[in-house]
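Take a look at the structure below.
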There are 2 protein chains.
Amino acid sequence: MPQFKAPIRDFKFLLHEYLNVSQYAHVDGFADSGDELMTPVLEAAGQMCEEVLFPLNQVGDKVGLKYDNTDASRPPRVIMPDGFKEAYKLYVDSGWPSFTCATEYGGQGLPDVLNMPLMEMVCSANLSFGLTPGLSHGAYNAIKLHASDALKSKYLPKMVTGHWSGVMCLTEPQAGTDLGLIRTKAESMPDGSYAISGTKIFISSGEHELTENIIHLVLARLPGAPAGIKGISLFLVPKIMVNDDGSLGEHNKLICAGIEHKMGLTASPTCMMQYDGAKGWLVGEPHKGMRAMFTMMNAARLYVGVQGLGIGEVAYQNALAYAKERLQSRALTGAKEPSKPADPIIVHPDVRRMLLAMRAFTEGARALALEMALKIDLAHRHPDPAVREESDDFVQLLTPVVKSYLTDGGFETANLAVQVFGGYGFIKEYGVEQYVRDVRVTMIYEGTNGIQALDLVGRKLPHAAGKYLRAFFHPLGQFIEKHKDNPQMAEFIKPLAKNFEYLQQATMWLAANGMKNPDDAGGGAVEYQKMFALVALAYSWARQAEIALGKTACDEKEFYEAKLSTARFFMQKILPQTTSLLQSIVAGSKSMMQAVI
Amino acid sequence: MPQFKAPIRDFKFLLHEYLNVSQYAHVDGFADSGDELMTPVLEAAGQMCEEVLFPLNQVGDKVGLKYDNTDASRPPRVIMPDGFKEAYKLYVDSGWPSFTCATEYGGQGLPDVLNMPLMEMVCSANLSFGLTPGLSHGAYNAIKLHASDALKSKYLPKMVTGHWSGVMCLTEPQAGTDLGLIRTKAESMPDGSYAISGTKIFISSGEHELTENIIHLVLARLPGAPAGIKGISLFLVPKIMVNDDGSLGEHNKLICAGIEHKMGLTASPTCMMQYDGAKGWLVGEPHKGMRAMFTMMNAARLYVGVQGLGIGEVAYQNALAYAKERLQSRALTGAKEPSKPADPIIVHPDVRRMLLAMRAFTEGARALALEMALKIDLAHRHPDPAVREESDDFVQLLTPVVKSYLTDGGFETANLAVQVFGGYGFIKEYGVEQYVRDVRVTMIYEGTNGIQALDLVGRKLPHAAGKYLRAFFHPLGQFIEKHKDNPQMAEFIKPLAKNFEYLQQATMWLAANGMKNPDDAGGGAVEYQKMFALVALAYSWARQAEIALGKTACDEKEFYEAKLSTARFFMQKILPQTTSLLQSIVAGSKSMMQAVI
């Protein structure tokens, strides 16, 4: 009953008009990034998402997973819903896992910015499915950046093709946000390997039968390691041992001890993993496991943000289609379709408000996500060190903003879809309530959105006397300056400039007061993070409007007119949220810290 | 794993200190409303909710309902989760259904304001369970107010005891918000009854085995009835025919054709009902069915609001308990419990922000709900017609505000509980995600919150040149005037006065612009409704603070200190939301109505 169409037109707009990615043709991996070459690739990805992954989404939710430990002669299994195995095989056979992987391990070497549309569409189509390849890519990155050449050549090629998957094993029952409390142990073995023992929870895709092997990256403590976060090391622990010739050997000493029953993502196995002297190898240096985590964290957090965006997109599409079809009551200004028993609900201003809020989010968030992916690419690949540094500054600053706003917004958008559907929104068959349930955890995992805010306010703002901040504020100030006397742009530039001013006020308040009282920074951090995102979206919408203003006479007039009207809606109806946030921030933390709770 | 404690202390505070209900001892039903008599009743209700209903909540969600149509010799059945039947029997045996029913039909005749705490606690403990008696009470009211004496004496006594339940049957597939589109037909029979034929959907508790009989109140059209909303009549249609001696006869020609699979409330049967010439009797006059609905709508909408509040309360309690227990990271200002491996997360300002937002909602919403219940009582029972009229004005005005804010707030609060729980919040076992799923539909049923906003802006504001509005604005203005020079109250009165000013600005803008362009009223209605609720809560918090200021030296110092600190938090961190809402309202509807969607 629900529907999904890959939003190819918006991807093309953002990649080729908004970001103009082919200007980077000289950068490694960008040679083939032009519209003509990329569009067929996007279309093929879109078709797979629409035709293969999306039809499995509702059935996956309904059927869920089966944990099977009935056969004592073998480790417990997790049985996926029908169709997932075949879909994963097709995904692998089509070469999608290798898209952005390094050519030296068999990858296609393409930049992240071109991969983001695929990621988003997979999340729209089937988030439960998407987690396995998504997390696997993170594990690939960690190994590629930190493991020895021997480990890399043994494990990466099969991970690049997708025949093996990878998982990140961080959380323990007593150690979630606070990974310094991790207890899993690693003991050195005579052969240079380590024996890993402990329990990890909430391990997404920790066990499944989609791939021949699963490569666990496990955080654990070496004997005598320093207490806390500085005593944690990272280990590569394969589910099935790999022989020197690359063939598979015995099952390692690890099992999936159970799977969680969750609010959503019911077709994604969330596993409790037990390591009982499992054989593993150190990745990177002893006690520097968190450093390895941090280097891949920006990409991982962007990916979680894109999960929120993907759900937001499919929720919006369904709400829009329903609002055009559902006949109920008449327009406030008189019947719009008098021949029908009632008008379609899209005539009602409040329904339009909800739909436009959804679209202002999805198209604004997509622009932000793609820009951040591009900056990640430039930070790694650009030949000019100054561009690399500036791009990295942008990524450091915007990572918590993107992760939090895209997941909060995805949840809000899914909820608005339920509201547009009315009573039908609460019924499983119609599909939209699943989006609310599936997306909810994205506001929590990979660092809760409150933790993102502490990262933004506590680490990113003060870094090098505000250096990261300048990577965003400087170009934004220049953009405002450039357009300040352009009458066509005035309706976008004026609110942008005013709200940028508010954001600067909040920044200064936090810097001044947070120094004296860290609770003042912590207490306003979530609100500041939202303010920041609103201004970042306003900046993006102003730039999207700038392009659209030059195109309203072209063949695709309606596409650009829609861009302009969504930009206007954002400026008038969404952006004013900043003023309340500013007031709340400067009220300080006293009412929270001194409260009797 | 989750927990629930009946919030008796706050009920006592609100009933006896805040509303001082015993001042109405001369009003019918209020004679026994004093603290000494009511507290044991509240405690008994609380105990039943804690010990009987609450333990069934998670199991009800997990097991759900079974629709059984396997036995062709009898109509399909809906089988409730184990324990529900026994709990309902206990509920009936304890006399709770009759609490506020008229003494002439066997009720106890107590006022609604004393029943609200019971309603709220039942919703906190087990919302799926609560819907059956809750809706039944609405059906009782409709029959009592509109049916003939013959119907009343035949049906009401068993409904009052709870041995029979009642259900409201309004929605059809093509007629949800727009009941004018109803197609169910009623044909006059020679014996004075009517034959009802048609299909109704989303009928909560339409079929179950908790009671011996189910009395359906069905909206249908008589032959030749005017088109639309003015041609709808109300019929009483029993599931089992009732003989003249009160004994039960044959099954009527109605069946439950199926039940919905829903996001939440999975232990509450949401039925598709088919009437195939079912025997029914007219309630009230022909074509005046909607009028009968409207007279009970205020109480019904308050009750839905209380569902949101009840879920908010239990969600808050669990988040608070978890935040005190869960050890993770250190306070920003240095370790608070150095002997433990980490501090409890309640030390973190953002966690405190979430908890206080939850409590500011639940305790503010409870005050509003109880005040509205009292006004409903006074509107019906007070001997002075001026008091009746003024009370009714208040109820008319506040009904959409209470229904929408308490359900939006309940959902938001449940979501915050999930966020406080982190990853555990997403896991079914911990119980808080169920609150999000269960409460979601309250923002939709009994008139979506968008429809509430249209009622507020389109009907309630303009009524009799703003007469309803004065029932709220006038005492609020007096309160501000009274305290404006009181230095102790300044921190509450100043923000209240400022935001009341904003609300008046928004009201004037809507009145002026909505007249010229109804879309301007419709486009800002939801935001206005939220502004209204925020100011209503600020008014309540200022009054709660006023009482607490006089009590900080008493034995229960901590209770009153907590009231003061929550009031401060509300004024500083929540109330500022009004400024953004005002800006968005006065931006008008052009950006929505002219947008290309």
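Every number here is computed from the coordinates shown, using simple stated rules; none is lab data. Bear in mind the structure is a predicted one, so any value in this text is a computation, not a measurement. Quick reminder, even Gly has a Cβ in these numbers, built from the backbone with ideal geometry, and neighbours come from all protein chains shown.
Need one number: nm distance between label points at A:Ile229 and A:Gln504, each 7 Å from Cα along Cα→Cβ, rounded to one decimal.
3.2 nm
Would you kindly calculate the translational diffusion coefficient of segment A:110-194, applying Stokes-Einstein with the Kirkwood radius from alpha carbon pairs, for 25 °C and a viscosity of 0.890 mPa s, and quote it in µm² s⁻¹ without decimals? Each step should come with its number before you reach the end.
Values: Rh = 15.3 Å.
Result for D is 160 µm²/s.
According to the square roots a ≥ b ≥ c of the eigenvalues of the Cα gyration tensor, what is the shape class of segment A:327-483, taking rounded for a/c under 1.5, prolate for a/b larger than b/c otherwise, and oblate for the remainder?
It is prolate, given that a/c is not under 1.5 and a/b is the larger ratio.
Thinking of segment A:2-136 as a set of Cα atoms, what percent of all their pairs are more than 19 Å apart?
I get 56 percent for the Cα pairs in segment A:2-136 exceeding 19 Å.
Using the Karplus curve 6.51 cos²θ - 1.76 cosθ + 1.60 with θ = phi - 60°, work out ³J(HN,Hα) for each residue of segment B:368-381 in order, rounded to whole Hz, and write x for Gly and Pro.
Rounded to whole hertz, the list is 5, 5, 5, 5, 5, 4, 4, 5, 4, 4, 5, 5, 9, 10.
Compute the orientation-averaged projected area for segment A:310-382 from the convex hull of its Cα atoms and round it to one decimal in nm².
Average of the hull's projected areas for segment A:310-382 equals 5.8 nm².
Under 13 Å from the Cβ of A:Leu110, count the other residues' Cβ atoms, weight Lys and Arg +1, Asp and Glu -1, and hand me the total.
-3
Within segment A:46-67, what residues put their amide N at less than 16 Å from the label point 7 Å along the Cα-to-Cβ vector of A:Lys89?
What the label zone holds, given the 16 Å backbone N cut-off, is A:52-53.
In terms of modelled amide H atoms, which long-range or inter-chain residues lie less than 5 Å from the amide H of A:Asn213?
Distant-sequence amide H within range of A:Asn213: A:Ser165.
Lys/Arg Cβ at +1, Asp/Glu Cβ at -1, dipole of chain B taken about the Cα centre: which of B:Leu282, B:Thr448, B:Tyr316 is farthest positive-ward?
Of the candidates, B:Thr448 comes out farthest on the positive side.
Within segment B:8-144, what is the number of lysine pairs with alpha carbons under 24 Å apart, leaving out pairs fewer than eight places apart on the same chain? Working shown, then result.
Values: B:Lys62/B:Lys85; B:Lys62/B:Lys89; B:Lys66/B:Lys85; B:Lys66/B:Lys89; B:Lys89/B:Lys144.
The result is 5.
In whole Å, how far is the Cα centre of segment B:105-179 from that of segment A:17-43?
64 Å
Quick one: 3J(HN,Hα) in Hz for segment A:143-155, Karplus 6.51/-1.76/1.60 with θ = phi - 60°, rounded, Gly and Pro as x.
Each residue of segment A:143-155 in turn: 5, 4, 7, 10, 7, 5, 4, 4, 5, 4, 6, 7, 9 Hz.
State, to one decimal in nm, how far the label point of B:Thr295 lies from the label point of B:Asp82, with both points 7 Å from Cα in the Cβ direction.
Modelled inter-label distance: 4.6 nm.
If Rh is defined by the Kirkwood formula over all Cα pairs and Rg also comes from Cα, what ratio Rg/Rh do you get for chain A?
Looking at chain A, the ratio lands at 0.97.
Rounded, prolate or oblate: which one fits segment A:397-486, using the alpha carbon gyration tensor with axes a ≥ b ≥ c (rounded when a/c is under 1.5, else prolate when a/b beats b/c, else oblate)?
Cα axes put segment A:397-486 in the oblate bin.
About the Cα centre, and with charges only on the beta carbon of Lys, Arg (+1) and Asp, Glu (-1), how big is the dipole of segment B:210-361? Nearest 20 debye, please.
About 720 debye.
Only helical DSSP H runs with n ≥ 4 go in: add -39500 (n - 2.57) per run for chain A, normalise by residue count and round the 222 nm mean residue ellipticity to 500 deg cm²/dmol.
-17500 deg cm²/dmol
Could you work out how far apart the two model spin labels at B:Arg9 and A:Ser153 are, taking each label as a point 7 Å from the Cα in the direction of the beta carbon, and quote it in nm?
Going by the 7 Å Cα→Cβ label model, 6.9 nm.
For A:Glu481 and A:Met189, calculate 0.36 nm times their separation in residues minus their Cα-Cα distance, and state this gained length in nm to one decimal.
Here the answer is 98.8 nm.
What's the magnitude of the charge dipole for the protein assembly as shown around its Cα centre, counting Lys and Arg as +1 and Asp and Glu as -1 at the beta-carbon? Answer in Debye, nearest 20.
Roughly 1340 debye, rounded to the nearest 20.
Residues of B:436-442, mean number of Cβ from any other protein chain within 10 Å of their own Cβ, rounded to a whole number?
4
For helix B:577-586, what angle does its Cα long axis make with the longest principal axis of chain B, in degrees from 0 to 90 and rounded to 10?
For helix B:577-586, the angle is close to 60 degrees.
Take every residue in peptide B:561-571, count the Cβ atoms of other chains within 10 Å of its Cβ, and give the average of those counts.
The per-residue average across the peptide is 3.
Tally Lys and Arg at +1 and Asp and Glu at -1 over the other residues with C-beta under 13 Å from the C-beta of B:Lys288: what net charge comes out?
Values: positive: B:Arg221, B:Lys230, B:Arg291; negative: B:Glu285.
After counting each charged neighbour, the total is +2.
So what are the ³J(HN,Hα) numbers for segment A:95-103, from phi and the Karplus equation (6.51, -1.76, 1.60; θ = phi - 60°), rounded to whole Hz, Gly and Pro as x?
Values, residue by residue: x, 4, x, 8, 3, 9, 7, 5, 4 Hz.
Tell me which aspartates and glutamates have Cα within less than 13 Å of B:Lys253's Cα, excluding those fewer than 8 residues away on the same chain?
Of all the aspartates and glutamates, those that pass the test against B:Lys253 - Cα under 13 Å, at least 8 places apart if same chain - are B:Asp276.
Take the residue pairs A:Lys336/A:Lys530; A:Lys460/B:Lys590; A:Lys498/B:Lys467; B:Lys158/B:Lys279 and return only those whose Cα atoms are more than 28 Å apart. Intermediate values should be presented prior to the final figure.
Numbers: A:Lys336/A:Lys530 38 Å; A:Lys460/B:Lys590 39 Å; A:Lys498/B:Lys467 39 Å; B:Lys158/B:Lys279 19 Å.
From the list (A:Lys336/A:Lys530; A:Lys460/B:Lys590; A:Lys498/B:Lys467; B:Lys158/B:Lys279), the Cα-Cα distance tops 28 Å for A:Lys336/A:Lys530; A:Lys460/B:Lys590; A:Lys498/B:Lys467.
Please work out, to two decimal places, the log10 of the ratio I(q)/I(0) at q = 0.15, 0.21 Å⁻¹ from a Debye calculation in which every Cα of segment A:198-351 carries one identical scatterer.
Scattering profile of segment A:198-351, log10 relative to I(0): -0.93, -1.34.
Amide H neighbours of B:Gly277 under 5 Å, at least 5 residues apart or on other chains, H built in the peptide plane: list them.
Residues meeting the amide H criterion: B:Ile196, B:Ser197, B:Gly198.
Give me the dipole magnitude in Debye, nearest 20, for segment B:71-210 about the Cα centre, with unit charges on the beta carbon: positive for Lys and Arg, negative for Asp and Glu.
With only Lys, Arg, Asp and Glu charged at Cβ, the dipole is about 200 debye.
Residues of segment B:234-258 with backbone nitrogen within less than 19 Å of a virtual label 7 Å along the Cα-to-Cβ line of B:Ser73, please, listed as ranges.
B:250-252
Check which residues have an amide H placed less than 5 Å from B:Lys262's amide H, if you skip close sequence neighbours.
It is A:Lys428, by chain and number.
How large is Rg/Rh for segment A:228-303, to two decimals, with Cα atoms and a Kirkwood Rh? List each step's numbers first, then the result.
On the way: Rg = 15.5 Å, Rh = 15.0 Å.
With Rg and the Kirkwood Rh in hand, the quotient comes to 1.03.
Report the rotationally averaged projected area of segment A:455-591 based on its alpha-carbon convex hull, in square nanometres.
Across all orientations, segment A:455-591 yields a mean hull projection of 8.6 nm².
Place a point 7 Å from the Cα of B:Lys340 along the Cα-to-Cβ direction; which residues of segment B:538-582 have their backbone N under 15 Å from it?
Those under the cut-off are none; the list is empty.
How many angstrom lie between the Cα centre of segment A:377-398 and the Cα centre of segment A:273-305?
23 Å
Among residues other than B:Lys152 whose Cβ falls under 13 Å from its Cβ, what is the net charge (Lys/Arg +1, Asp/Glu -1)?
Once positives and negatives cancel, what remains is +1.
Can you give the extra length, in nm with one decimal, that the chain gains between B:Lys324 and B:Thr552 once fully stretched, where that is 0.36 nm per residue apart less the Cα-Cα distance?
Using 0.36 nm per residue and subtracting the Cα-Cα distance, I get 79.6 nm.
Based on other C-beta atoms within 10 Å, arrange A:Lys239, B:Lys590, B:Lys200 from fewest to most.
Result, fewest neighbours first: B:Lys590, A:Lys239, B:Lys200.
Say the dipole of segment A:8-144 comes from +1 at the beta carbon of Lys and Arg and -1 at that of Asp and Glu; which of A:Gly107, A:Leu53, A:Ser136 then lies farthest toward its positive end?
The one lying farthest along the dipole's positive direction is A:Ser136.
Per residue, how big is the convex hull of the protein assembly as shown when only Cα atoms are used? Give it in Å³.
Per-residue hull volume (Cα only) is 178 Å³.
Tell me, B:Cys554, A:Cys256 in order of fewest to most beta-carbon neighbours within 10 Å?
The order, fewest Cβ neighbours first, is B:Cys554, A:Cys256.
For segment A:165-287, what class follows from the C-alpha gyration tensor (a ≥ b ≥ c being the square roots of its eigenvalues): rounded when a/c is under 1.5, otherwise prolate if a/b is larger than b/c, else oblate?
oblate
How would you rank A:Ile451, B:Ile480, A:Ile196, going from fewest to most other Cβ atoms within 10 Å of each one's own Cβ?
B:Ile480, A:Ile451, A:Ile196
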